[in-house]
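Everything on this sheet refers to the single structure shown next.
The numbers here are math on the coordinates, done by the rules we state, and not lab data. All of these numbers come straight from a predicted model, not from anything done at the bench. Cβ placement follows ideal geometry from the backbone for every residue including glycine, while neighbour counts extend to all protein chains displayed.
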Amino acid sequence: MATDGLKVGVAFNTYEPYIYRPEKVSEDSVARVAEVVCETLNQAGVPAVLIPLQRSMFTFLRRIKELEVDVVVNLCEGFFGRPQWEANVAAVMEVLYIPFTGNGSRTLALCQDKHQAKAILSSFNLPVAPSQLITSAEEMVDLRFPVIVKPNSEDASVGVHPESVVYDKEALAERVEKIVRTYSQPAIVEEFIDGREFNVALLEDGEPRALPVSEIDFSTMPEGFPRICSYEAKWYPDHILYKTTVPICPARIDEELRQKLQELAVTAFRVMGCRDYARVDFRMNDQGEIFILEVNPNPDISLDAGYARALRAAGIEYAEFWKMMIRNALKRKENNAAANGKR
Ligand SMILES: Nc1ncnc2c1ncn2[C@@H]1O[C@H](COP(=O)(O)OP(=O)(O)O)[C@@H](O)[C@H]1O
Ligand SMILES: [Mg+2]
């Protein structure tokens with residue numbers, strides 16, 4: 001299927017009315033990514049226009065219609081300032097038969113809830129770290145310290161800071177209270193897997209295909225900080241924690257480990273019902289046990305983030321990747337039409 005003669009809309013969310021979170025930088029980056037994707041497609045001869053999703057879903061949909069967009073590149077990470085509504089944006093396009101790239105609403109919703117996503121992964125015998133979902137600091141936690149405390153339904157390391165790793169009950173109670181109050185949601189308390197961190201980016205090219213494994217090198221991180229990809233490490237380029245969480249792709253690992261991580265990633269992709277693209281995050285302890293931290297069905301897809309780095313390591317051009325995703329979306333439309341007896 002060719003992408004000639006098509007018009008692509010690059011959708012992204014830009015409106016943030018509820019400043020309930022102290023973190024803000026990750027929101028702004030969606031607009032920048034959208035611009036880059038739009039430019040990339042235009043340069044590759046695929047006409048593309050930006051379609052911001054602001055405060056009105058109607059205006060957004062009207063723009064898609066008026067511009068006669070054939071397919072939407074969906075970069076929306078939420079709606080109305082709520083990352084939890086990421087799936088709803090996809091759901092609206094689904095019921096309106098607007099073809100779009102990226103994961104469907106069901107997968108986006110499942111992965112957004114870390115606790116439930118882990119329950120699904122472990123029900124398919126995939127390894128996840130022991131954890132508990134808790135809503136108040138008084139609740140008992142039956143886990144081995146140290147643990148890490150995260151908001152259950154955020155991403156992009158929102159709510160993940162050096163203080164998130166706690167070593168005793170008092171610090172745990174304090175952190176849980178802070179998370180529940182700040183983010184108005186339960187906290188997931190997880191055993192802290194001290195060790196190496198890997199990411200596997202995947203793309204669907206007929207079949208799900210794992211790209212080269214990436215590792216975060218924490219070796220230069222100053223003493224006294226837990227070795228994690230905190231918000232500071234992901235979003236503040238001048239921060240010492242950003243400079244000392246160095247991504248390496250392809251990771252320097254042996255064949256056996258590479259294969260194991262890629263296989264686990266492909267299984268996790270399938271189990272969560274992913275399509276098009278996703279990234280799976282892993283930690284490995286010093287005994288070599290591997291744990292899936294999460295499946296990201298809408299990972300940061302900017303040129304300087306892990307996904308694009310893995311594409312480069314695999315020798316896949318950014319424009320080629322997007323064309324592939326657009327073809328996937330159009331193919332789904334065709335299959336739907338056939339299934340609905342329209343052909
Ligand atoms: N159980 C854990 N053990 C060790 N590090 C963890 C654990 N959970 C999270 N982290 C660290 O925190 C980062 C962000 O956590 P993650 O669960 O991936 O949430 P997000 O959706 O915000 O990316 C991870 O990349 C990792 O560095
Ligand atoms: Mg993550």
Using Cα pairs closer than 8 Å and at least 6 residues apart in sequence, work out the relative contact order for the chain, in percent. 18 percent
Sparse-neighbour loop sites [trypsin sites (Lys or Arg not before Pro); region 134-182; at most 14 other C-beta within 10 Å; DSSP]: ARG144
Filtered trypsin sites (Lys or Arg not before Pro), region 247-318: DSSP coil and at most 12 other beta carbons within 10 Å: ARG252
Could you pull the Rg and Dmax for region 102-185, using just the Cα atoms, both in Å? 13.5, 42
For PHE145 and GLU39, what is the calculated FRET efficiency with R₀ set at 41 Å and r taken between the beta-carbons, to the nearest 0.05? 0.30
Relative pair counts by distance (%), Cα atoms of the chain, 20 Å bins: 30, 59, 11, 0
Is the shape of region 240-285 rounded, prolate or oblate, going by the alpha carbon gyration tensor and its root eigenvalues a ≥ b ≥ c, with a/c under 1.5 for rounded and a/b larger than b/c for prolate? oblate
D for region 297-343, whole µm²/s, Stokes-Einstein with Kirkwood Rh over alpha-carbon pairs at 20 °C and 1.002 mPa s: what number? 174 µm²/s
Mean-square fluctuation maximum in Gaussian network of the chain, Cα pairs under 10 Å, restricted to VAL271, VAL95, VAL30, hits VAL95
Neighbouring Cβ atoms within 10 Å as the yardstick, rank ASP155, ASP254, ASP113 fewest first. ASP254, ASP113, ASP155
Residues with beta-carbon under 13 Å from that of VAL166, excluding VAL166: net charge, scoring Lys, Arg +1 and Asp, Glu -1? -2
I'd like the FRET efficiency for ASP238 and GLU289, computed as 1/(1 + (r/R0)^6) with the beta carbon distance as r and R0 of 45 Å, rounded to 0.05. 0.80
Please report the relative contact order for region 131-191, taking Cα pairs under 8 Å with a sequence separation of at least 6, and give it as a percent rounded to a whole number. 53 percent
Given 0.36 nm per residue, what is the gain on full extension from LEU257 to GLU317 after removing their alpha carbon distance, in nm? 19.0 nm
Greater than 22 Å separation of Cα atoms is the criterion. Which listed pairs, LYS65/LYS333; LYS150/LYS178; LYS260/LYS331; LYS7/LYS331; LYS118/LYS243; LYS169/LYS234, meet it? LYS260/LYS331; LYS118/LYS243; LYS169/LYS234
Longest segment of the chain with no GluC sites (Glu not before Pro) in a DSSP loop having at most 10 other Cβ atoms within 10 Å? 224-343
Using 0.36 nm per residue, how much length does the chain from ASP217 to ARG55 gain when fully extended, once their Cα-Cα distance is taken away? 54.4 nm
Would you pull out the residues with amide H under 5 Å of GLY104's amide H, same chain only if 5 or more places away, H placed 1.01 Å from N? ARG275
Segment ARG62-LYS333, extension gain: residue separation times 0.36 nm, minus the distance between their alpha carbons: 95.6 nm
Which net charge results when you count Lys and Arg as +1 and Asp and Glu as -1 among the other residues whose beta-carbon is under 12 Å from that of GLU204? +3
